[in-house]
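S.K.: Right, I'll just put the structure down here and ask away after.
The values are calculated or read from the model by the stated rules, or taken from the named source; none is laboratory data. All values derive from a computational prediction rather than experimental measurement. Don't worry about glycine lacking a Cβ; one is built from the backbone with ideal geometry, like all the others, and counts go over all protein chains shown.
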Amino acid sequence: MADRPATPVLDRIRVPSDMKGLSDRELQQLAQELRAETISAVSVTGGHLGAGLGVVELTVALHAVFDTPRDKLIWDVGHQCYPHKILTGRRDRIRTLRMEGGLSGFTKRSESPYDPFGAAHSSTSISAALGFACAADLGGDPGDAIAVIGDGSMSAGMAFEAMNNAGHLKKRLFVILNDNEMSIAPPVGALSAYLSRLYAGAPLHDLKEVAKGFVSLLPSPLQEGARRAKDMLKGMAVGGTLFEELGFSYVGPIDGHDLDQLLPVLRTVKTRAQGPVLIHVLTKKGKGYAPAEQAADRGHARAKFDVVTGEQKKAPSNAPSYTKVFAQSLIAEAERDDKIVAVTAAMPDGTGLDLFAARFPRRTFDVGIAEQHAVTFSAGLAAGGMKPFCAIYSTFLQRGYDQVVHDVAIQRLPVRFAIDRAGLVGADGATHAGSFDVAFLANLPGMVVMAAADEAELVHMVATAAAHDDGPIAFRYPRGEGVGVEMPARGEVLEIGRGRLIREGSRVALLSFGTRLAEVVKAAEALAARGLAPTVADARFAKPLDRELILGLARGHEALITVEEGAIGGFGSHVAQLLADEGVFDGGLKYRSMVLPDTFIDQASPEAMYRVAGMEAAQIEAKVLEVLGVAVASRRA
């Protein structure tokens, strides 16, 4: 009789406690099955693939050694958390990743007790873990705190602020430095070079441990290799390694794909550590899946794909993406002006600046995951006579707000902010929504704030920003493809603070700011079929406002409705302030502002998210009917 196939180990794991009885050999088998399950799931949903594949063995080892959820396992950013979700009771829903009503693509406290801290931005994990460690000491939730942070995220100042504080407090805390030598883009800067030097010239199978007195705590087979490593690294930094100087015991580097190394090291530090420990783990992004390993980004973000070939299933589009339009427009402006330079914070591909860098490598600066530095660095470039375009996603620009105020706006330096991913972005959900930039920028004295209604308008706004030398200027545009309008041969420099009239009508005026203009036009056409012909205008500027246009619309219509892809306090609020200051409401104007609701909207398609927000054409039409009382009259009839 043939042997019956063994039950897959993964099928026996509902929650991490089920791993406690597994042998090390079974844990190795579990890692293989977990990698295959991750690949299979992401092929169906799309999402962040490479980061998760790089930490499969680390995920297994951490859950096997520590006692989650009592021990708090915090994944920095969360790109790499899919294997973690599979092992923590969510395997049955893993093929709903990033879908409406499904699992988040990041860690999320409301989703599972195994996600003790939500994250989708980088470099927060050590601060949060230290908070958990201090809370435990003060009688809060018990258990150890473990932060898993990538080498790219370690380039942000917040990570070092947290490590400095942790070293000072001497709390028991574990930081796993997941060093794959690659964040979203290849990491830049001295820290990456430092990490590379730490293990240069020594085999990965040697555990290199340089914390004074820590060698004796290691399993005996690893002690000799650790001593050799310590000798090799002696004197690399004054008084010891960088991490030792911050007060951490340092363990590593070790091979993050070798459970024979990971398991004994984690078991040892869990049993014996007293204060903060940094464990330096070397991994390979995209590990175990050839199409990801061979890709330039190691499979960082993927659409749905064929598992066998790795070929992605992307829907065809006839319109260029806004990001590409920005990049091509900036290149065209830079061809004519050698003072134009571009700055990105570890997102050259996402912002389109990889195209700019290919044409102008000396005029492109990737500063790493360091948005605060990116903004002030741009301010310095501007003060030095250059014309910097600081290209940062709306959600990430939040991280550099003090620098926008203090270093750029107060000094009236002409930094050009290219704000990608404005509005609701879809599958990444609330953490990546570009909801707040209009509100937090338009309240700054001297700041010019624009929003492109379509891809042709974006070309004009790049040209306008390039020509603007009187203080800072920002322009925002969404993720995804444009609407398919005819593109200009060259960008036109717009008059600052001047909007445009799209169509003239009567009774009600619809004033759009940004790419909701297409939905506003659809709503106007539907209303025209009802016998109502609204006036439609594109504001172009939230600051300075086009006073003449807005006051003319207000005084020439029964009602005025503004529409924008931003939170309360943005464009519509500035319009309301203008109308109040000018006494327009005294004449009985009916004014409404359609903005994103005062809530965080969970992931879905962008279309579904805007439906939830009440900003589709049919909902704009309904708002007009409500304001004019037409809908009420129809129901009574």
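Okay, residues lined up against (1) farther than 17 Å from residue 416 by Cα; (2) crowded, with 17+ Cβ neighbours inside 10 Å:
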position: 331; (1), (2): no, yes
position: 337; (1), (2): no, no
position: 346; (1), (2): yes, yes
position: 350; (1), (2): yes, yes
position: 354; (1), (2): yes, yes
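So that you can scan it fast, the table gives a plain yes or no per residue for (1) under 30 Å from residue 489 (Cα atoms); (2) hydroxyl-bearing (Ser, Thr, Tyr); (3) under 28 Å from the mean Cα position of the chain (by Cα):
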position: 254; (1), (2), (3): no, no, no
position: 275; (1), (2), (3): no, no, no
position: 288; (1), (2), (3): no, no, yes
position: 329; (1), (2), (3): yes, yes, yes
position: 333; (1), (2), (3): yes, no, yes
position: 340; (1), (2), (3): yes, no, yes
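S.K.: Further, regarding this structure: Can you give me the number of residues within the range 486-501 that are modelled with pLDDT of 95 or more, out of contact with any helix residue (DSSP H, G or I) (no Cβ under 7 Å at 6 or more places or on another chain), aliphatic (A, V, I, L, M) and in a loop (DSSP other than H, G, I, E, B)?
M.R.: Final tally of qualifying residues: 1.
S.K.: Sticking with this one: Looking at 542, 526, 567, 509, which one is at pLDDT 95 or above, surrounded by fewer than 22 Cβ atoms within 10 Å (Cβ to Cβ) and outside any helix (DSSP H, G or I)? So that I can check it myself, show each step before the final result.
M.R.: Working: 542 fails: surrounded by fewer than 22 Cβ atoms within 10 Å (Cβ to Cβ); 526 fails: outside any helix (DSSP H, G or I); 509 fails: surrounded by fewer than 22 Cβ atoms within 10 Å (Cβ to Cβ).
The match here is 567.
S.K.: Here's another thing I want to ask about it. Is there any pair linking a residue in the range 577-592 that is in the same structural domain as residue 622 (by TED's automatic domain parsing) to one that is in a loop (DSSP other than H, G, I, E, B) and surrounded by 12 or more Cβ atoms within 10 Å (Cβ to Cβ), with Cβ under 6 Å and at least six apart or on different chains, and which?
M.R.: 578/545
S.K.: Keeping to the range 161-185, report how many residues are modelled with pLDDT under 90 and either assigned to a helix (DSSP H, G or I) or surrounded by fewer than 16 Cβ atoms within 10 Å (Cβ to Cβ) (or both).
M.R.: Filtering the range 161-185 for residues modelled with pLDDT under 90 gives 179-185.
Cutting the leftovers down to either assigned to a helix (DSSP H, G or I) or surrounded by fewer than 16 Cβ atoms within 10 Å (Cβ to Cβ) (or both) gives us none.
So the answer is 0.
S.K.: Working carefully through the options 380, 368, 400, find the one that is part of a loop (DSSP other than H, G, I, E, B) and either in the same structural domain as residue 335 (by TED's automatic domain parsing) or surrounded by fewer than 24 Cβ atoms within 10 Å (Cβ to Cβ) (or both). Let's see the steps before the verdict.
M.R.: Values: 380 fails: part of a loop (DSSP other than H, G, I, E, B); 400 fails: part of a loop (DSSP other than H, G, I, E, B).
Only one candidate passes the filter, namely 368.
S.K.: Every residue in the range 68-109 that is among the hydrophobic types (A, V, I, L, M, F, W, C) and in a helix (DSSP H, G or I), please.
M.R.: Of the residues in the range 68-109, the ones among the hydrophobic types (A, V, I, L, M, F, W, C) are 73-75, 77, 81, 86-87, 94, 97, 99, 103, 106.
Scanning the range 68-109 gives 86, 87, 94.
S.K.: Within the range 26-53, work out how many residues are assigned to a helix (DSSP H, G or I) and out of contact with any helix residue (DSSP H, G or I) (no Cβ under 9 Å at 6 or more places or on another chain).
M.R.: Filtering the range 26-53 down to residues assigned to a helix (DSSP H, G or I) leaves 26-45, 50-53.
Still in the list and also out of contact with any helix residue (DSSP H, G or I) (no Cβ under 9 Å at 6 or more places or on another chain): 43.
Qualifying residue count, the range 26-53: 1.
S.K.: Given (1) closer than 28 Å to residue 133 by Cα; (2) surrounded by 24 or more Cβ atoms within 10 Å (Cβ to Cβ); (3) modelled with pLDDT of 95 or more, where does residue 34 come up short, assuming only one miss?
M.R.: Unmet for residue 34, out of (1) closer than 28 Å to residue 133 by Cα; (2) surrounded by 24 or more Cβ atoms within 10 Å (Cβ to Cβ); (3) modelled with pLDDT of 95 or more: (1).
S.K.: Going by the conditions given, is residue 339 out of contact with any Ser or Thr (no Cβ under 7 Å at 6 or more places or on another chain), assigned by TED's automatic domain parsing to the domain that holds residue 150 and of a type outside the set (A, V, I, L, M)?
M.R.: For residue 339, the condition - out of contact with any Ser or Thr (no Cβ under 7 Å at 6 or more places or on another chain), assigned by TED's automatic domain parsing to the domain that holds residue 150 and of a type outside the set (A, V, I, L, M) - is not met.
S.K.: Which residue, of 277, 308, is of a type in the set (A, V, I, L, M, F, W, C), in a loop (DSSP other than H, G, I, E, B) and either at pLDDT 85 or above or at positive phi (or both)? So that I can check it myself, show each step before the final result.
M.R.: Values: 277 fails: in a loop (DSSP other than H, G, I, E, B).
The match here is 308.
S.K.: For residue 112, indicate whether it is under 18 Å from residue 55 (Cβ atoms), over 17 Å from the mean Cα position of the chain (by Cα) and either part of a loop (DSSP other than H, G, I, E, B) or acidic (Asp, Glu) (or both).
M.R.: yes
S.K.: Taking the stated definitions as given, is residue 479 modelled with pLDDT under 95, surrounded by fewer than 24 Cβ atoms within 10 Å (Cβ to Cβ) and not polar (S, T, N, Q)?
M.R.: Details: modelled with pLDDT under 95: yes; surrounded by fewer than 24 Cβ atoms within 10 Å (Cβ to Cβ): yes; not polar (S, T, N, Q): yes.
Considered against the rule, which asks whether it is modelled with pLDDT under 95, surrounded by fewer than 24 Cβ atoms within 10 Å (Cβ to Cβ) and not polar (S, T, N, Q), residue 479 comes out as yes.
S.K.: Now for a different question. Going by what's in this entry, would residue 533 be described as part of a loop (DSSP other than H, G, I, E, B), more than 30 Å from residue 340 (Cβ to Cβ) and either at pLDDT below 95 or assigned by TED's automatic domain parsing to the domain that holds residue 593 (or both)? Lay out the reasoning, then the answer.
M.R.: Values: part of a loop (DSSP other than H, G, I, E, B): yes; more than 30 Å from residue 340 (Cβ to Cβ): yes; either at pLDDT below 95 or assigned by TED's automatic domain parsing to the domain that holds residue 593 (or both): yes.
Taking the combined requirement at face value, the residue satisfies it.
S.K.: Hey, another quick one. Within the set of pairs 6 or more residues apart or between chains, which connect a residue that is within 12 Å of residue 429 (Cβ to Cβ) and free of Cβ contacts under 8 Å to residues at least 24 places away in the same chain inside the range 99-125 to a residue that is part of a loop (DSSP other than H, G, I, E, B) and not small (Gly, Ala, Ser) with Cβ atoms less than 6 Å apart?
M.R.: Hits for this filter: 103/97; 108/115.
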